[in-house]
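Some notes on the structure that comes next.
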Amino acid sequence: MDFDPVLLARLQFAFTIAFHIIFPAFTIGLSAYIATLGVMWLATGEPRYQRIARFWTKIFAVSFGMGVVSGIVLSYELGTNWSRFSAAAGNIVGPLAGYEVMTAFFLEASFLAVMLFGGERVPRWLYVLSAVIVAAGTAISAFWILSANSWMHTPAGHEMRDGVAHPMDWFAIVFNPSFLYRLAHMLNASYLTAGFVVLAVGARYLIAGRHRDEAQTMLRMAVGLLAILAPLQLLLGDLHGLNTLAHQPIKIAAIEAHWDGSEPGDFHIFAWPDEKAETNRFAISIPRGASLILTHDPNGLFPGLKAVPARDRPPVPNVFFAFRIMLGIGFFMIAAALMGAWLWWRGALFTTHWYLRVMAQSWWIGFVAVVAGWVVTESGRQPWIVQDIMRTTEATSPVLPGAIAATLGLFVVVYGIVFSFGIYYINRLIANGLQVSAAEPQPQMGSPIAAASAARREALRGG
């Protein structure tokens, strides 16, 4: 059987990065929550904030360790499967990745051990400061990674010489046209993801009648945050969409399954894009809805997929359906957050059992939205790996297809095992509850892997 090496390389990278991205998305938001709890503990002296912070720090340790392990593979894949991309864009992407290590990784590494193991060993202010610095480090890491990724979508500040990008203006490279929109949207998504996990765990404890004070605190903090950030995400997404229309109009055409740019675009609630016939089957649509959203004019026009040859179009069904998954989850988040805020205002947040039961089962929605958003963003850029500069088919390494297929199969098995054990240990930690003891043994190693191992041992011994 003949394998397409480009397709296999894309599948391998898609699988590994889709697995990896859920962990940074969670830990960015969770580290900010832990830092907030620490500041509140420092300001009020309330021990429940300390108990909640230490509980979530254990889960953070497992998630952070899994993120580190799964992320290492990506850098190797760039060298083994995407060497031509690295040769062409390495002058830009390489330094941006290096800045992430210098400014974020070293910062996190310096203070992560204090946050994870320093509870009873350092002054309270230093412990809280470490949590704040780790949270800042995760956000700085997102800054540089998203800057590099955004440059691939909207390249700027460079000069092409013999097929190689050379930096000319680093400010223009870092703050390329789509970067700030992408950064705001992704950071907010991370906080929403963590917020719904915290909300789910708090609801789970209330339903079970456990840790009532801490569970009520989790619910209040989560609902208060989500009631602001969930509607904000709709605004940020709209601004990001308008920016994408300006710089990547064909991606927007794929999102809307809009074929003919000479007519106003309908918003398709559901449809089956037929790429061969260049039309939509079984469409349930809001007439001129896409034009109203994108141009603020129901009669407004924007480019359709037919504006470019078929070889220059993204895979329309992938982008179309992934966007609607993300959008549907976004509206659910808004409804859940506003309902929670209304119940809180009515004094019924902790006693409305149907709401608590729904929220207790909604911990996963942020992760699905993040992966769906990644599919929209990255599939929507195809067939370009760097927009209008380098095609994906031109970026791969001369690696035998069988070798890529073998490693892809191995990654599926290994990642499946890692993910299963990680979810198992996190569930055990949640089931064990907020069992904090000053006498519990403290690990001596200050690495993320050691922290994850310590959390694993605690989960297995029941706290």
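Kindly list, by first and then second residue, each pair from a residue in segment 379-394 that is in contact (Cβ under 8 Å) with a residue 60 or more places away in the chain to a residue that is of a type in the set (A, V, I, L, M) and open to solvent by 40 Å² or more (accessible area, probe 1.4 Å), limited to pairs with Cβ atoms under 9 Å and residues at least 6 apart or on different chains.
So the pair list comes out as Ile389/Met160.
This table checks each residue for (1) touching a Gly at 6+ places or on another chain (Cβ under 8 Å); (2) among the aromatic types (Phe, Trp, Tyr).
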| position | (1), (2) |
| --- | --- |
| Trp82 | no, yes |
| Gly90 | no, no |
| Met115 | no, no |
| Ala131 | yes, no |
| Ala139 | no, no |
| Thr154 | no, no |
| Asp162 | no, no |
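Within segment 171-188, how many residues are outside any loop (DSSP other than H, G, I, E, B), open to solvent by 20 Å² or more (accessible area, probe 1.4 Å) and under 20 Å from Gly237 (Cβ atoms)?
Here the count works out to 7.
Of all residues in segment 26-50, count the ones that are surrounded by fewer than 20 Cβ atoms within 10 Å (Cβ to Cβ), part of a helix (DSSP H, G or I) and not hydroxyl-bearing (Ser, Thr, Tyr).
Looking only at that region, the number is 6.
Can we say Gly195 is in contact (Cβ under 8 Å) with a residue 12 or more places away in the chain and buried (at least 22 other Cβ atoms within 10 Å of the Cβ)?
Details: in contact (Cβ under 8 Å) with a residue 12 or more places away in the chain: yes; buried (at least 22 other Cβ atoms within 10 Å of the Cβ): yes.
So Gly195 fits the description; yes.
Quick one: in segment 383-394, of everything that is open to solvent by 20 Å² or more (accessible area, probe 1.4 Å) and modelled with pLDDT of 90 or more, which residue is farthest from the chain's Cα centre (by Cα)? Reasoning before the result, please.
Step one: filter segment 383-394 for residues open to solvent by 20 Å² or more (accessible area, probe 1.4 Å), giving 383-384, 387-391, 393-394.
Right, trim to modelled with pLDDT of 90 or more and you get 383-384, 391.
Values: Pro383: 23, Trp384: 22, Arg391: 25 Å.
Of everything passing the filter in segment 383-394, Arg391 is farthest from the chain's Cα centre (by Cα).
Would you mind stating whether Val436 is open to solvent by 30 Å² or more (accessible area, probe 1.4 Å), outside any helix (DSSP H, G or I), within 30 Å of Ile250 (Cβ to Cβ) and at pLDDT below 90?
It is false that Val436 is open to solvent by 30 Å² or more (accessible area, probe 1.4 Å), outside any helix (DSSP H, G or I), within 30 Å of Ile250 (Cβ to Cβ) and at pLDDT below 90.
Filter segment 80-89 for residues that are in contact (Cβ under 8 Å) with a residue 60 or more places away in the chain and part of a helix (DSSP H, G or I); which is nearest to Pro167 (Cα to Cα)?
Applying the filter and picking the extreme gives Ala89.
So Phe143 passes all but one of these: (1) within 22 Å of Ile21 (Cα to Cα); (2) more than 21 Å from the chain's Cα centre (by Cα); (3) among the hydrophobic types (A, V, I, L, M, F, W, C). Which condition number does it fail?
Status for Phe143: all satisfied but (2).
Determine whether Ile52 is touching a helix residue (DSSP H, G or I) at 6+ places or on another chain (Cβ under 7 Å), farther than 26 Å from Gly416 by Cβ and of a type in the set (A, V, I, L, M). Steps first, please.
Details: touching a helix residue (DSSP H, G or I) at 6+ places or on another chain (Cβ under 7 Å): yes; farther than 26 Å from Gly416 by Cβ: yes; of a type in the set (A, V, I, L, M): yes.
The answer is yes for Ile52.
Out of Phe23, Phe64, Phe55, which single residue is crowded, with 22+ Cβ neighbours inside 10 Å, without any contact (Cβ under 8 Å) to a residue 60 or more places away in the chain and of a type outside the set (A, V, I, L, M)?
Exactly one residue qualifies, and that residue is Phe23.
Whether any residue in segment 395-405 is over 28 Å from Trp151 (Cβ atoms), at pLDDT below 85, open to solvent by less than 40 Å² (accessible area, probe 1.4 Å) and in contact with a Leu (Cβ under 9 Å, 6 or more places away or on another chain) is what I want to check.
The answer is yes; a qualifying residue exists.
Might you check whether a residue that is out of contact with any Ser or Thr (no Cβ under 9 Å at 6 or more places or on another chain), over 23 Å from Phe23 (Cα atoms) and aliphatic (A, V, I, L, M) occurs anywhere in segment 146-158?
Scanning segment 146-158, I find at least one residue that is out of contact with any Ser or Thr (no Cβ under 9 Å at 6 or more places or on another chain), over 23 Å from Phe23 (Cα atoms) and aliphatic (A, V, I, L, M), so the answer is yes.
Looking at segment 120-133, can you tell me whether even one residue there is modelled with pLDDT under 85, outside any helix (DSSP H, G or I) and among the hydrophobic types (A, V, I, L, M, F, W, C)?
yes
Any residue at all in segment 69-77 that's without any contact (Cβ under 8 Å) to a residue 24 or more places away in the chain and more than 25 Å from Leu429 (Cβ to Cβ)?
The answer is yes, given that some residue of segment 69-77 is without any contact (Cβ under 8 Å) to a residue 24 or more places away in the chain and more than 25 Å from Leu429 (Cβ to Cβ).
So that you can scan it fast, the table gives a plain yes or no per residue for (1) over 28 Å from Leu429 (Cα atoms); (2) open to solvent by 20 Å² or more (accessible area, probe 1.4 Å); (3) hydrophobic (A, V, I, L, M, F, W, C):
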{"position": "Gly79", "(1), (2), (3)": "yes, yes, no"}
{"position": "Val114", "(1), (2), (3)": "no, yes, yes"}
{"position": "Val122", "(1), (2), (3)": "no, yes, yes"}
{"position": "Gly137", "(1), (2), (3)": "no, no, no"}
{"position": "Ile140", "(1), (2), (3)": "yes, yes, yes"}
{"position": "Phe143", "(1), (2), (3)": "yes, yes, yes"}
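Quick check on segment 134-170: of everything there that is assigned to a helix (DSSP H, G or I) and of a type in the set (Ser, Thr, Tyr), which residue is farthest from Arg84 (Cα to Cα)?
For segment 134-170, the residue satisfying everything is Thr138.
Looking at segment 90-111, I want the residues that are within 21 Å of Ser130 (Cα to Cα) and assigned to a helix (DSSP H, G or I) and have a partner that is open to solvent by less than 50 Å² (accessible area, probe 1.4 Å) and β-branched (Val, Ile, Thr) with Cβ atoms under 6 Å, at least 6 apart or on another chain. Which pairs are those?
Sorted first by the residue in segment 90-111, then by its partner, the pairs are Glu108/Val134; Phe111/Ile133; Phe111/Val134.
Across segment 95-119, which residue is modelled with the lowest pLDDT among those that are within 13 Å of Ala35 (Cβ to Cβ) and out of contact with any Leu (no Cβ under 7 Å at 6 or more places or on another chain)?
Glu108
I'd like to check which helices (runs of 4 or more DSSP H) are fully inside segment 271-372 and have at least 2 residues that are of a type in the set (Gly, Ala, Ser) and crowded, with 20+ Cβ neighbours inside 10 Å.
289-295, 316-345
In segment 349-370, what residues are in contact (Cβ under 8 Å) with a residue 12 or more places away in the chain and either farther than 13 Å from Gly202 by Cα or not hydrophobic (A, V, I, L, M, F, W, C) (or both)?
Across segment 349-370, the qualifying residues are His353, Tyr355, Arg357, Gln361, Ser362, Ile365, Gly366, Phe367, Val368, Ala369, Val370.
The values are calculated or read from the model by the stated rules, or taken from the named source; none is laboratory data. Since the model is a prediction, treat every value here as computed from it, not as a measurement. Please note: Cβ atoms are built from the backbone with ideal geometry, for glycine as well, and neighbour counts cover all protein chains shown. What goes into the accessible areas is simple: the full protein's heavy atoms, side chains included, and nothing from ligands, DNA or RNA. Shrake-Rupley method; radii C 1.70, N 1.55, O 1.52, S 1.80 Å.
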